[in-house]
Amino acid sequence: MTTSARRVALVTGSTSGIGLGVVRKLAASGQDIVLNGFGDAKEIEAIRVSLEAEHEVRARYHAADMTKPQEIAEMVAFAHKELGSLDVVVNNAGIQHTASIEEFPVAKWDAILAINLSSAFHVVQHALPGMRARNWGRVINIASAHGLVASPFKAAYVAAKHGLVGFTKVLALETATTGITANAICPGWVLTPLVQKQIDAAATAEGISVDEAQKKLVAAKQPSQRFATPEQIGALAVFLCSDAASSMTGASLPVDGGWTAQ
Ligand code: NAD
């Protein structure tokens, strides 16, 4: 899959899980990378160095906290200053918290809305002028099956992901006559630290093994009974960056083993 020129891609929350799978695939397709996310400084530096060594691209890291609009603005400026452009934005950073609405901590609601939804608005607001000036851009929002359907006890997450799907559609309409596209990828279950926490909690709550809890979690929602992988999400992101995908915009693309077909 080729893009017509070398591009610079920013992937928020790319120090772990799906974001890391996406940066590896984008780098393998020849894109320069801005990494972002929390974690151990040495491990992040090892990821950065491995991207440069394995794929002969330039990779940089910016530690912006996705709850802080000013830091997001600085990160977009950093991409332009360090790598000369910002052509591809993957809004991926996200957190989860499960509780009934009555018991949902207000601070968790605010954090999930800030990280899983508002950060995408802030990144795009700063990245869009450059994309418009170059008349080329790709915005890929990592939403969720929970951007299309709901589950109980995930009020903030489901609200944020439905919001992200809506934001993607508005962005697609506002850029429809340009060389910019905006799409949402909607993964079902992907085995990452975010999901492992939910599996561990279920195992403890139900007094079953972690292995059993894992099988139960997937089987309850995902007809394939298999996890999707970060690499599969990354491969779809690479496709969305290609010229072949230039007419796809405003779409929400499930990668969910049939979850939302039910
Ligand atoms: P993860 O916990 O492995 O990774 C989350 C990433 O976001 C990490 O790099 C973390 O450092 C970063 N992050 C968290 N808070 C941040 C903040 N305030 N500022 C900057 N970075 C921050 O989780 P994941 O499963 O890879 O999730 C990635 C995205 O995919 C999320 O938006 C999630 O909602 C979405 N998603 C995941 C699944 C799944 O099954 N794993 C399914 C659907 C959607």
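Computed from label points 7 Å out along Cα-Cβ, the spacing between residue 125 and residue 49 is 3.8 nm.
For the stretch 27-125, what relative contact order do you get, as a whole percent, if you take Cα pairs closer than 8 Å and at least 6 residues apart?
Over the stretch 27-125, the number comes to 26 percent.
Quick check: from the Cα gyration tensor, does the stretch 1-79 come out rounded (a/c under 1.5), prolate or oblate? Taking the square roots of the gyration eigenvalues as a ≥ b ≥ c, the stretch 1-79 is oblate.
Structural descriptor for the chain: relative contact order 21 percent, calculated from alpha carbon pairs under 8 angstrom and at least 6 residues apart.
Suppose R0 equals 30 Å; then what is the FRET efficiency for residue 77 and residue 151 from their Cβ-Cβ distance, rounded to the nearest 0.05? Before the final figure, lay out the partial values.
Values: r = 38 Å, r/R0 = 1.26.
Efficiency, rounded to the nearest 0.05: 0.20.
Mean separation of Cα pairs under 8 Å and 6 or more residues apart, divided by the residue count, gives the stretch 115-179 a relative contact order of 41 percent.
Applied to the stretch 226-231, the Karplus parametrisation 6.51 cos²θ - 1.76 cosθ + 1.60 on θ = phi - 60° returns per-residue 3J(HN,Hα) values of 10, 5, 6, 10, x, 5 Hz, with x for Gly and Pro.
Using θ = phi - 60° in the Karplus curve 6.51 cos²θ - 1.76 cosθ + 1.60, the 3J(HN,Hα) couplings for the stretch 7-24 round to 10, 10, 10, 10, 10, 6, x, 9, 8, 7, x, 4, x, 5, x, 5, 5, 5 Hz; x is entered for Gly and Pro.
Rounded to the nearest 500, the helix-only mean residue ellipticity at 222 nm of the chain stands at -15000 deg cm²/dmol, with each DSSP H run of n ≥ 4 adding -39,500 (n - 2.57). Filter 161/215; 161/221; 25/161; 197/221; 42/161; 68/108 down to the pairs with a C-alpha to C-alpha distance above 21 Å, please. Check vs 21 Å cut-off fails for 161/215; 25/161; 42/161. The simple spin-label model puts a point 7 Å past each Cα toward its Cβ; for residue 220 and residue 243 those points are separated by 4.7 nm. Taking amide H positions as modeled 1.01 Å from N, with prolines and chain starts lacking one, no residue 5 or more places away or on another chain lies under 5 Å from residue 178. Measuring r between the beta carbons of residue 210 and residue 110 and using R0 = 30 Å, the FRET efficiency lands at 0.45.
Coordinate-derived values only; no laboratory data. Being a predicted model, the structure only gives us computed values, none of them experimental. So basically every Cβ, Gly included, is an ideal-geometry build from the backbone, and we count neighbours across all protein chains shown.
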